[in-house]
Amino acid sequence: MASLRPPKEWKRQNAVKTGMSAALVSAGAGLLVSSVQNALQTHNRGALGVFSRTGSTIALFTAMGGLFSFTQCAAGNLRRVDDGWNAFWGGAAAGAAGSLRRGTIPAFLGSSLFLGGVMGVLEWTGGSFSGFHIPSDPGEREGSIFTYTKRRSMQETKRELGL
């Protein structure tokens, strides 16, 4: 897969450690979402409703975040490449975990492909919703996409084409 940005240098990562730390962060986010869900519902369980009524949200967030990071690192370690395919496989694993509530094969395939595709394309295009970071240092631009997108004069183009 060709990338819109120069490839990052691959280095081995501890997939289990990365997955566990991402699972902890995701569990915190799931706890926050579960707390909001609990606050918006009417019931007689009180504050413990975060765990008893909407606790599955915490488990879902934990599983999806941990699986995404673990699979992304494991795919990079197996392939020895750091590109958008790693994020695709991580997103596919997280999408599969997210579809377990539905329990159908179309939901499994659809959510895996959708989340994998979104995460893969996001990583492939630079990992940012705000666009590329244009380096201010001209030496930093060498070998990147910015050296190929500058405007050239007609004489320089003809000279490079051999005309």
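Here is how the numbers come out for the structure above:
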item	result
Exposure proxy ranking, count of Cβ atoms within 10 Å, fewest first, for Lys11, Lys17	Lys11, Lys17
Spin-label model distance (nm) - Ala39 vs Phe114, 7 Å beyond Cα toward Cβ	2.8
Total charge dipole magnitude, the range 15-128, about the Cα centre, Cβ charges on Lys, Arg, Asp, Glu only, Debye to nearest 20	360
DSSP-loop trypsin sites (Lys or Arg not before Pro) across the range 64-108, with at most 13 other Cβ within 10 angstrom	Arg80, Arg102
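Taken together, the values in this text are just the output of simple stated rules run on the coordinates, not laboratory data. What you see is a predicted model; the values in this text were computed from it and never measured. Because the Cβ atoms are built from the backbone with ideal geometry, glycine has one as well, and the counts that use them run over all protein chains shown.
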